[in-house]
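The values are calculated or read from the model by the stated rules, or taken from the named source; none is laboratory data. Computed from a predicted model, the values in this text were never measured in an experiment. Reconstructed Cβ throughout: ideal geometry from the backbone, glycine too, with neighbour counts over all protein chains shown. Each accessible area value is taken on the protein alone, full model and side chains, heavy atoms only, with ligands, DNA and RNA left out. Shrake-Rupley method; radii C 1.70, N 1.55, O 1.52, S 1.80 Å.
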Amino acid sequence: MIDIAKSLQSFLEPDQIITDLAEKIPYEIDSALERGSPDAVVFPHTTEEVSRLARWAFENKMPLVGRGAGTGRSGGAVPERGGIVVEFSQMDRLLVLDAASRVVVVQPGMVNLNLDNIVKAKDLYYPPDPSSGRVATIGGNVAENAGGPHCFKYGVTTKYITGLEIVLADGRVVNLGGSALDIPEYDFTGVVTGSEGTLALITKIQARLLRQPPGMQTMMAAFDSIRAAGDAVSAVIAAGLVPATLEMMDQKIMQFIEQYVHAGLPVHAGAMLIVEVDGVAASLSPQIQEIARILEKHGGFDLKIANSVEERNAIWHGRKSAGGAYPHYTVDSTVPRSRIADTLEAANEICERHGVKVGHVFHAGDGNLHPSIMVDPANEDQVARVMKAGEEILEQIVLCDGAISGEHGIGIEKREAMPLMFNEAELTALWDIKQVFDPTNLMNPGKIFPSNVPAKSCQVFSAPWEPHNLTSLEAGDVFTPTTAEHTAQGLVALSAHKRKVVINRKSEDGVMLDTKKLAGIKKYAPDDLYVTVGAGTRLEELQTFLANEGRQVALVSPWRESTVGGLIAANVNSPQRLLYGCIRDQLLAATVVLSDGRILRAGRPVVKNVAGYDLPKLLVGSFGTLGLMTDVTLKLYPRARCKRTLLAPIEKIDAGLAIGTRLLSRALVASALVLYKGDALPGIAPSGYVLAYTAEGVVEEVDAELAEARTILRDAGQSAIVESNDLSGTDLWLKLLGKLEAHTMQMRLGIAPKQLSSFVVEQSATLDAGSFLLDVPSGLVYATAKLSNASVAKTWVAELRHAALARSGYGIVMTMPDAWANEIEWYGYRPSASDLMQGLKIRWDPQRILGISTFPLS
């Protein structure tokens, strides 16, 4: 039998290792009820030490369990099967803080509150704020895809993570994502985020930051019932307002908290709502007053608006004291907002039937519920009844189209509930991912998956269908499915005969799969802020429908025939990502069909969902190489009340980029910041370039932001500034890419924002051969040129691509003449995780019939 301590000391210092039984006790638990004893606890200092530890564990078949601060609520950090607990508290350094680019890189042991304080000193903001943030680590946040009360407006952890350094079970170090955005690879960054340490150990985290909101205002309101308060929340959202926080608690919870801390809560009321708005000072009072009127109209009373920091802290003191006010078991889960009242009433009935007490404190804005069932851990009978009630509540959650975990994770606690939410095909698809990353099952084994993971099997179809018409299809023919099941039947038949499939594009090399009959709006849910459409729906048709409803999705396309599914598969992002986020942040769920016939429902129509791996992320930018989306569910937004743009002529590109950097430091509601070189714009003085700065939101926010932007422009010597209500920075992007003429090449180049200036200056001659647009905050260059022949085009592509690759970026061709496609490489990029991509491709498309052969899979 191996002497663990002695063996580990061959590459670690003695004080980095704990094997003493008594000293290991704190590492047997996290904040859940489960326990497990580790064989040892190790405190690595570097990525190299983590890599050596993983190789050692791999050779000795020893499980590895990553651990942050142990604040998880699902048993995710419990070493149930023994092995080595990898405690990251010694890897807590800030590695990079690039305030100008709004980028931070940290080790996983960095405490959430410490990071918040560090970036706040630079007037920056890292939004994820779990209640345990005073001690929880960023690595733990990433592993659980943590949320918090501000997620309704700002989103969860995955929205901010742009790159990860990970160590696989065999010790290999792999980089996912990176400083350049929209890298042409499967979004494994999104998959590892929220994977609960079951895929790899995270050793470095890169995140994007926002400007710190200059001010905030908080209000508390009482209601007669949860249902009444929920109706008021829906009314606030319907009015086109987006508060930073919408928190709710019921009377039972308020009574417990009041006994605990005497916070001055309205215990006479059936429910209480906390609303917080943030932004520039001039916008706070108008927003909070409008919300107050809506709340009163819908039954709110005893409204209390905080007029000082002390009053705000007093309101929040009660909410933040909920976790310690009473011993309880929390059933973390999420439902569409319109189902909150029905779900909580069902939870009350379930708990009453089992003879246990329950109260509710939750994130009302995003439907993230936390039924808190009172429990005495020493009372075994009560614990059993509580757990049974929790199981039945989860059943109700699934019936309401919700997720069985919104932010706490699955861990040990909910693994046996996974079949409630995932069918056999979906569980095997999740297991495929686990096997690609960790085939020996050493990374946090026993978490997420139920004890009996179903074996992968062929899809059994409910309706008979003879695919004889497909078996005779040859390259150049067309298959037009009408449903997900029809798609599955066709792909199985085509796989059996190894027919290549190309989606929505005529090809001499394969069968064209046309999605035009997988179209139309399937469900429009304005109260829940989502819409489900067929993946073959043209974006223009969807946006026209939504505009008539005062809503929008945060997608735009330069090409009128673009389908929603096509834009997602190609990961086409516009400059408006600065405000709304990119496509991966808009996609809540999708139905995807694999070539082996499995039909997967990936995700749910909720913002917070950490049940299993984030399958929708894999579809974004996959170019149809993993499966075919048949429908997608997207986030809805209110149409902006005000949207205006400042346009300034710029003579020198480096001066324009310097101004852009200063403008970015003030961007709060900016939806585009671009430098454009192209066709002349009406009303703009002739110049080499045009800088465009677009802001949108409530009038007061836009006024304040554009006033700051004007000052920056004038201080830089720019006087010929034009303000437009009609032309935005994103419109310039559409103008550039929408102009397709004969012999036109279009490229997207991704570079770390801090290297954008050096790239553009170095490549100015090549770029000036055509037109281009710089998405300044994102470090993306969109270049287009009309070139005489394929040889010239190949040189143009090579020069730009080489310069981008030299800066750890990339350069991909977006469009080119069909006749040149065999001479010019589309991607020219090899991801660090290419073997993992290849592994998943083989499991989900074993006959390799799907997608573009040039996608960087090897």
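Placing +1 on the Cβ of every Lys and Arg and -1 on the Cβ of every Asp and Glu, with nothing else charged, gives the chain a dipole about its Cα centre of roughly 1360 debye.
Each principal axis of the Cα cloud of segment 679-736 was taken in turn, and the coordinate range along them, longest first, works out to 33, 27, 15 Å. With a ≥ b ≥ c the root eigenvalues of the C-alpha gyration tensor of segment 67-210, is it rounded (a/c under 1.5), prolate (a/b larger than b/c) or oblate? Since a/c reaches 1.5 but b/c is at least a/b, the shape of segment 67-210 is classed as oblate.
Taking one quarter of the surface of the C-alpha convex hull of the chain gives a mean projected area of 35.4 nm². For segment 678-820, the solvent-accessible area with a 1.4 angstrom probe is 39 square angstrom per residue.
FRET efficiency for the LEU21 to MET1 pair, using the beta carbon distance and R₀ = 22 Å, is estimated at 0.85. Probing with 1.4 Å while keeping every protein chain in the model, the per residue accessible area of segment 249-368 equals 40 Å². Extension gain for ALA314-GLU416 works out to 32.7 nm (0.36 nm per residue, less the C-alpha to C-alpha distance). A 1.4 Å probe run over the protein chains yields, for segment 494-550, 50 Å² of accessible area per residue, whole-number rounding.
Using the Cβ-Cβ distance between ILE842 and ASP768 with R0 set to 41 Å, the FRET efficiency works out to roughly 0.40. Using a probe of 1.4 Å on the protein chains alone, the accessible area found for ARG339 is around 80 Å².
Across segment 555-621, the fraction of Cα-Cα pairs farther apart than 21 Å, rounded to a whole number, is 29%. The accessible-area ordering, largest first, of the residues ARG843, ARG208 stands as ARG843, ARG208, per a 1.4 angstrom probe.
Taking a ≥ b ≥ c as the square roots of the eigenvalues of the Cα gyration tensor, an a/c ratio of 1.5 or more together with a/b no larger than b/c marks segment 391-459 as oblate.
Ignoring aspartates and glutamates fewer than eight residues from LYS297 along the same chain, the ones with Cα atoms less than 12 angstrom from its Cα are ASP231. Between the amide H of ALA611 and those of SER405, distances stay under 5 Å, these residues lying 5 or more places away or on another chain, with hydrogens modeled in the peptide plane. Pairs from the list LYS120/LYS617; LYS414/LYS608; LYS120/LYS643; LYS447/LYS617 with a Cα-Cα gap above 25 Å: LYS120/LYS617; LYS120/LYS643. Taking 0.36 nm per residue of sequence separation and removing the Cα-Cα distance, the SER37/ASN452 pair yields an extension gain of 147.1 nm.
Accessible area of SER225 (1.4 Å probe, protein heavy atoms only, ligands and nucleic acids ignored): about 40 Å². Shown for segment 539-616: the carbon plus sulfur share of the solvent-accessible area, taken with all protein chains present and a 1.4 angstrom probe, equals 49%. Taking a ≥ b ≥ c as the square roots of the Cα gyration tensor eigenvalues, segment 1-44 comes out prolate, since a/c reaches at least 1.5 and a/b is larger than b/c.
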